[in-house]
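First the structure, in the form of structure tokens, and then the observations on it.
The values are calculated or read from the model by the stated rules, or taken from the named source; none is laboratory data. In this text the structure is predicted, and so the values were computed from the model without any measurement. Calculation scope for accessible area: heavy atoms of the full protein, side chains included, ligands and nucleic acids excluded. Shrake-Rupley method; radii C 1.70, N 1.55, O 1.52, S 1.80 Å.
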Amino acid sequence: VHHGLDAIAMVNGILQQLPMVRPLVLVLKQFLSDRGLLTAYTGGLSSYGLFLMVTRYLQEQPSSWGDCGSLLMGFLDFYGNSFDPRAMGISVGRRQYFARRTPMPYPVVYQPPMAVPLIPTP
């Protein structure tokens, strides 16, 4: 659980460690906003929740990765097709996915696939 100043320090640290978080979050925020899904109290996703999801996904990717388009597509594929929010949770601090049905998180065997570079079409 993150609160106030601790959350600010964590977010700033992540933005320094994973610079690709910022552009991905901005694109996804616009995508969700256009569809009315960026407000948590109306059933959408909060900006902070989105930030944590992007961070957790990028923690699994090679640190040298710089192709924002491939990372975006990989993120959408993972959270759209593989991640089940009813059964799994994410922990940015522990760098793991966990089963939600247990009181203490434990690592899940599944790891998201690495993002695949987009091949330009001629």
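Give me the percent of accessible area attributable to carbon and sulfur for the stretch 11-52, probe 1.4 angstrom.
For the stretch 11-52, the apolar C and S fraction of the accessible surface comes to 58 percent.
Starting from 0.36 nm per residue, how many nanometres of slack lie between residue 64 and residue 39 once their C-alpha separation is accounted for?
5.8 nm
Divide the volume of the convex hull of the Cα atoms of the stretch 7-68 by its number of residues and quote the answer in cubic angstrom per residue.
Output value, Cα hull per residue: 78 Å³.
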